[in-house]
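**Q** There's a structure below that I have some questions on.
Nothing in this text is a laboratory measurement; each read-out follows from the coordinates by a stated rule. Remember, predicted model here, so these are calculated numbers, not experimental data. Methodologically, a virtual Cβ is constructed for each residue, glycine included, from the backbone with ideal geometry; neighbour enumeration extends over all protein chains shown.
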Amino acid sequence: MARKTGVGGAVDGSACVRAWKIVERVPLDTAGWCSASPGGTGGSAPTRRAGNILNQGSYGAYGHTPARMPNDSFRFQGVCNDGTEGVDSGVSGALCTGCDIRIPIMEGRYVHHLVQFVGSGAWTIDTASASDATDPNPAPGENCSLKTALVTAGSEAGLATVTNVLQMRLVLLSKPARYADSSSSGRWDHAAGNLDAYFIFNIHPDDFGTHIPTKNSILRVQAYVTASTYWDVRWMKVEDIILDVPIEGSPDGEAKMVTTEIRCKWTGFDNAASPNEGCIVKPDTTLWWGTAP
């Protein structure tokens with residue numbers, strides 16, 4: 001039988017996929033040692049029986065807007081190079097738990113994302129159907145940029161371009177409920193959960209006092225994924241400031257730039273006396289969460 005490569009593989013319903021992976025796992029965490037399983041002077045051996053099956057997976061693709069978003073229930077079908085063998089989750093057999101969107105400005109690579117999901121119900125590792133008829137036209141990172149606006153007591157300042165941005169990362173998450181019961185047929189199933197998100201960006205700071213945001217400040221974020229389209233997030237709260245000063249530089253003495261990493265976590269409501277609900281808007285201006293601006 002011929003061995004397989006991933007060349008020509010696909011994930012149904014998603015464009016420009018780079019790779020996919022699934023894990024079928026039986027958590028055999030429960031073991032038994034009892035008087036019926038003596039092992040002599042060497043000690044008793046454990047007894048293990050079948051556990052509940054846990055299905056999970058991920059796929060990476062070029063592009064700035066994942067086809068599946070957190071809490072989306074969908075049918076995952078992934079195939080390898082022959083176009084027929086792969087994995088089929090069945091209808092609504094997969095639940096998206098996260099989207100990790102990377103915008104690599106300094107590297108000049110394409111904007112890309114990772115979609116993570118878990119299973120509900122039985123998955124089939126045998127035959128599947130998937131293809132990609134879209135044009136391979138991902139956006140390069142070097143055309144991207146960042147705008148932010150400071151929010152004070154519920155009042156949003158004007159948006160301003162953040163200079164010297166190296167890269168950005170927007171992560172959208174669901175925290176689903178996991179359950180197994182007498183109706184789940186020996187499997188872990190999942191139900192849609194609460195949402196969360198975080199945003200990380202790196203800069204070459206040109207002024208420590210004015211270029212680096214203040215911890216605990218609340219920002220509106222517009223992360224541009226092309227020259228004119230962006231993820232619009234109201235709001236992100238600044239959690240960590242990491243300042244890296246490489247005095248020696250490279251081992252051969254080549255100088256390196258000072259960098260700052262700013263890590264933020266999503267807050268769906270601002271800091272007004274009566275907090276306002278924010279929103280997350282996709283680059284195509286579709287509202288994903290919250291109240292339309």
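**Q** Express in whole angstrom the spacing between the alpha-carbon centres of segment 108-128 and segment 27-75.
**A** About 18 Å separates the Cα centre of segment 108-128 from the one of segment 27-75.
**Q** OK, next. What order do you get for 266-274, 6-14, 55-63, 250-258 when each peptide is scored by the mean count of other beta carbon atoms within 10 Å, highest first?
**A** Ranking, from highest mean packing down: 55-63, 6-14, 266-274, 250-258.
**Q** Just in segment 1-84: which trypsin sites (Lys or Arg not before Pro) are loop by DSSP and have at most 11 other Cβ atoms within 10 Å?
**A** Passing sites in segment 1-84 are Arg3, Arg49.
**Q** For segment 66-184, what does the alpha-carbon gyration tensor say about shape, rounded, prolate or oblate, given a ≥ b ≥ c as the root eigenvalues, a/c under 1.5 as rounded, and a/b over b/c as prolate?
**A** Judged from the Cα gyration tensor, segment 66-184 comes out oblate (a/c at least 1.5, b/c at or above a/b).
**Q** In whole Hz, with x marking every Gly and Pro, tabulate ³J(HN,Hα) for segment 227-234 from phi via Karplus 6.51 cos²θ - 1.76 cosθ + 1.60, θ = phi - 60°.
**A** Per residue, the Karplus-derived 3J(HN,Hα) values read 5, 9, 10, 7, 7, 10, 10, 10 Hz.
**Q** When the Cα centres of segment 254-276 and segment 197-218 are compared, how far apart do they sit, in Å?
**A** 6
**Q** OK, next. Longer than 18 Å from Cα to Cα, which of Lys147/Lys265; Lys21/Lys265; Lys215/Lys256; Lys175/Lys282; Lys175/Lys237 are they? Say none if no pair is.
**A** Lys21/Lys265; Lys215/Lys256; Lys175/Lys282; Lys175/Lys237
**Q** Right, here's the next one. Quickly rank 179-192, 135-148 as a protection proxy: mean count of other C-beta atoms within 10 Å, highest first.
**A** The most tightly packed comes first, giving 135-148, 179-192.
**Q** When a/c reaches 1.5 or more, the comparison of a/b and b/c decides; with that in mind, is the chain rounded, prolate or oblate per its Cα gyration tensor?
**A** Note, shape of the chain comes out prolate.
**Q** Restricting to Cα pairs below 8 Å that are 6+ residues apart, what does the relative contact order work out to for segment 142-209? Please round to a whole percent.
**A** Here the relative contact order equals 31 percent.
**Q** Mean residue ellipticity at 222 nm from the helices of the chain, using -39,500 (n - 2.57) per DSSP H segment of n ≥ 4 over the full residue count, to the nearest 500 deg cm²/dmol?
**A** 0 deg cm²/dmol
**Q** Oh, and also: Within segment 226-251, whose backbone N sits under 12 Å from a point 7 Å along Cα→Cβ of Trp288?
**A** 230-234
**Q** Residue by residue through segment 2-18, which ³J(HN,Hα) values in whole Hz follow from phi under the Karplus form 6.51 cos²θ - 1.76 cosθ + 1.60 (θ = phi - 60°), with glycine and proline marked x?
**A** 5, 6, 10, 10, x, 4, x, x, 7, 10, 4, x, 10, 9, 6, 6, 9
**Q** I've got another one for you. Measuring from a point 7 Å past the Cα of Glu239 along Cα-to-C-beta, which residues in segment 70-109 have an amide N at less than 20 Å?
**A** 70-71, 97-103
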